[in-house]
1. Among the residues of the range 81-115, count how many are touching a helix residue (DSSP H, G or I) at 6+ places or on another chain (Cβ under 7 Å), of a type in the set (A, V, I, L, M, F, W, C) and surrounded by fewer than 17 Cβ atoms within 10 Å (Cβ to Cβ).
2. Filtering the range 128-155 down to residues that are closer than 30 Å to residue 231 by Cβ and open to solvent by less than 70 Å² (accessible area, probe 1.4 Å), which residue is modelled with the lowest pLDDT?
3. Listed residues 305, 294, 265, 242; which is among the hydrophobic types (A, V, I, L, M, F, W, C), modelled with pLDDT under 90 and surrounded by 12 or more Cβ atoms within 10 Å (Cβ to Cβ)?
4. Please enumerate the residues belonging to the range 248-288 that are aromatic (Phe, Trp, Tyr) and over 15 Å from the mean Cα position of the chain (by Cα).
5. Take the range 154-170 and flag every residue that is over 16 Å from residue 243 (Cβ atoms) and assigned to a helix (DSSP H, G or I).
6. Determine, yes or no, whether residue 206 is at pLDDT below 85, open to solvent by 40 Å² or more (accessible area, probe 1.4 Å), of a type in the set (A, V, I, L, M, F, W, C) and in a helix (DSSP H, G or I).
7. Within the range 121-135, does at least one residue satisfy the condition of being of a type outside the set (Gly, Ala, Ser), in contact with a His (Cβ under 6 Å, 6 or more places away or on another chain), in contact (Cβ under 8 Å) with a residue 12 or more places away in the chain and under 21 Å from residue 88 (Cα atoms)?
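The values are calculated or read from the model by the stated rules, or taken from the named source; none is laboratory data. No experiment lies behind these values; they were computed from the predicted model shown. Positions of Cβ are backbone-derived with ideal geometry, glycine not excepted, and every protein chain shown enters the neighbour counts. Keep in mind that these areas ignore ligands, DNA and RNA; they rest on the heavy atoms of the full protein, side chains included. Shrake-Rupley method; radii C 1.70, N 1.55, O 1.52, S 1.80 Å.
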Amino acid sequence: MSTSTDLRIPDAPADHTDDENLVVARKWHPWRWVISAAVLILVAQFVHGLATNPGWDWATFAQYFTASSVLSALWMTIKLTLWGTFLGFALGVLLAIGRLSNNPVLQVVSWTYIWAFRSIPLIVQLLFWFNIAYLYKTLSIGIPFGPAFFEFGVAGVISGFTAAVIGLALHQAAYSAEIIRAGIISVDHGQIEAANALGIPRYRQFVKIVLPQAMRAILPNAANEVISLFKGTSIVSTMAIAELFYQVQVIFGRTGRVVPMLMVATVWYIILTTILSIGQYYVERHYTRGSARALPLTPWQRVVAKYREIRDSGIGAPRGATK
């Protein structure tokens with residue numbers, strides 16, 4: 001009868017340290033504090049100058065900021081932006097389709113249009129359409145190179161506002177076409193081939209597969225173009241159209257208060273640009289669904305989460321340390 005001995009390695013003594021109570025000290029970054037302090041000093045000096053320098057003339061600013069003439073001009077600026085954006089992107093979609101088509105005529109025409117209108121400055125295009133009546137006194141609708149069925153005078157149809165909308169829209173179309181085309185071709189072609197293999201109709205391929213992914217690439221650049229167009233409406237002042245910048249020029253030409261009136265225009269441009277930027281953020285956030293496991297937090301949600309983190313962190317951790 002044989003006996004066996006059970007040899008076992010004794011267990012290591014248990015470590016009763018609570019890992020959850022361990023803290024890791026942060027790495028000290030002195031230059032971050034130095035740079036932050038310098039930037040805050042510069043910002044404080046700028047704000048102090050805004051508040052104490054009498055040249056800003058905030059009383060005149062407050063007087064005209066919500067004046068009826070300024071608000072009417074602001075509405076004109078908004079209308080120019082809306083019409084230019086809508087017609088520009090509508091035409092841009094057609095141009096993008098022409099660039100992506102297999103028809104050589106559409107490809108050449110679309111490319112030529114984009115090349116020409118991106119090459120000509122916006123102010124030149126606006127002045128050209130504003131003076132189109134010098135070239136064509138009348139326009140007619142009928143058979144090409146044949147009899148006309150209807151004829152009308154250009155000066156009576158194309159007003160200053162109409163000429164501005166045409167110029168802004170045609171200029172915007174050239175840029176939006178390239179943005180849309182770039183967004184579409186950014187989608188992996190293998191997905192389209194897989195959809196064709198599954199027999200999915202082309203319309204559903206575009207709506208359900210291509211468009212949602214293309215919008216992620218299109219939206220940031222498209223929103224930047226809308227903001228640029230909104231600010232670019234100030235060029236319309238050369239056509240004596242009563243948009244925001246033109247009206248501000250009229251007022252400071254009459255009163256001599258140049259700086260406060262420029263601040264009126266500046267603040268309104270900042271307010272509306274901020275509204276457009278907020279809308280851009282939420283639209284982009286909507287189209288990020290499917291590209292990430294969870295949607296990114298909104299700024300308000302980040303503030304609430306930070307507040308809860310500070311509230312729940314307690315006061316037990318030493319200064320300069322984090323759990």
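1. Counting residues in the range 81-115 that are touching a helix residue (DSSP H, G or I) at 6+ places or on another chain (Cβ under 7 Å), of a type in the set (A, V, I, L, M, F, W, C) and surrounded by fewer than 17 Cβ atoms within 10 Å (Cβ to Cβ) gives 5.
2. Among those residues, the one meeting the criterion is 154.
3. 242
4. So the first thing to find is which residues in the range 248-288 are aromatic (Phe, Trp, Tyr), and the list is 252, 268-269, 281-282, 287.
252, 268, listed by residue number.
5. 154, 155, 156, 157, 170 - these are the residues of the range 154-170 that are over 16 Å from residue 243 (Cβ atoms) and assigned to a helix (DSSP H, G or I).
6. Criteria met by residue 206.
7. Checking the range 121-135: at least one residue is of a type outside the set (Gly, Ala, Ser), in contact with a His (Cβ under 6 Å, 6 or more places away or on another chain), in contact (Cβ under 8 Å) with a residue 12 or more places away in the chain and under 21 Å from residue 88 (Cα atoms).
Every residue, every condition in (1) part of a helix (DSSP H, G or I); (2) open to solvent by less than 60 Å² (accessible area, probe 1.4 Å); (3) polar (S, T, N, Q); (4) closer than 16 Å to residue 71 by Cα, yes or no:
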| residue | (1), (2), (3), (4) |
| --- | --- |
| 213 | yes, yes, yes, no |
| 223 | yes, yes, no, no |
| 271 | yes, no, no, yes |
| 275 | yes, no, no, no |
| 280 | yes, yes, yes, no |
